[in-house]
């Protein structure tokens, strides 16, 4: 089954979208989870079926339910939110696969450092007015200058999860 997505401009609905991360710390014994509370973005589906867009996160909006940890994550050891207030994912392409899969390619920029990222998302809801994408992928935080690791407590990859709802704007 192939899903048809309407052409035009799509706006991210921040009230119906979530972007979170999880990372194992304390030598893999504790799984720290957080959610970005400031999420924005938009996209365009072109007549040829190709797509492009941007998702933006407020770096200082990460909430892990621990104020001391959140302050440290905003610091220069991690997100350096004072100097790099936004995390962006610039979608260069989105290709519909068989079923509900969408191969997404783009550039992730964290702390002013950009790296290519490709992952498969799931189109979990689609109508003429709205579409919802669910995605999960991993990021190596060292590639973005976030190598702080006191006593070797933080190892491995960070998992990013996103549930993004877009609404079609009037053309």
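Residues that are surrounded by fewer than 16 Cβ atoms within 10 Å (Cβ to Cβ) and at pLDDT 95 or above were ranked within the range 93-111; the one that is farthest from residue 56 (Cα to Cα) is 105.
Residue 76: modelled with pLDDT under 95 and within 15 Å of residue 12 (Cβ to Cβ), yes or no? Judged against the criteria, residue 76 is not a match.
Beta carbons closer than 7 Å, at least 6 apart along the sequence or on distinct chains, never pair a first residue in the range 73-92 that is on the phi > 0 side of the Ramachandran plot and buried (at least 20 other Cβ atoms within 10 Å of the Cβ) with a second that is part of a loop (DSSP other than H, G, I, E, B) and modelled with pLDDT under 95. In the range 7-30 there is at least one residue matching the filter, namely being exposed (fewer than 15 other Cβ atoms within 10 Å of the Cβ), under 27 Å from residue 142 (Cα atoms) and free of Cβ contacts under 8 Å to residues at least 40 places away in the same chain. Residues 136, 143: which one is outside any loop (DSSP other than H, G, I, E, B), over 25 Å from residue 46 (Cβ atoms) and modelled with pLDDT of 90 or more? Result: 136 is the single residue among 136, 143 that is outside any loop (DSSP other than H, G, I, E, B), over 25 Å from residue 46 (Cβ atoms) and modelled with pLDDT of 90 or more.
Residue count for the range 41-67 under the criterion of being modelled with pLDDT of 90 or more, more than 18 Å from the chain's Cα centre (by Cα) and outside any loop (DSSP other than H, G, I, E, B): the result is 1.
Checked against (1) part of a helix (DSSP H, G or I); (2) at pLDDT 90 or above, residue 151 meets all criteria but (2). Taken over the range 42-55, the residue count meeting the criterion of being more than 19 Å from residue 128 (Cα to Cα) and surrounded by 20 or more Cβ atoms within 10 Å (Cβ to Cβ) is 1. Going through the range 117-131 one residue at a time, which ones are buried (at least 16 other Cβ atoms within 10 Å of the Cβ) and within 16 Å of residue 42 (Cβ to Cβ)? Matches in the range 117-131: 131 only.
Residues in the range 3-40 that are at pLDDT 90 or above, assigned to a loop (DSSP other than H, G, I, E, B) and closer than 23 Å to residue 158 by Cα: 17, 37, 38. Every test in (1) touching a helix residue (DSSP H, G or I) at 6+ places or on another chain (Cβ under 7 Å); (2) modelled with pLDDT of 90 or more; (3) surrounded by 13 or more Cβ atoms within 10 Å (Cβ to Cβ) is passed by residue 114 save one, and that test is (1).
The values are calculated or read from the model by the stated rules, or taken from the named source; none is laboratory data. The shown structure was predicted, so the numbers you read here are calculated from the model rather than taken from an experiment. For neighbour counting, all protein chains shown are included, and Cβ atoms are generated from backbone atoms with ideal geometry for every residue, glycine included.
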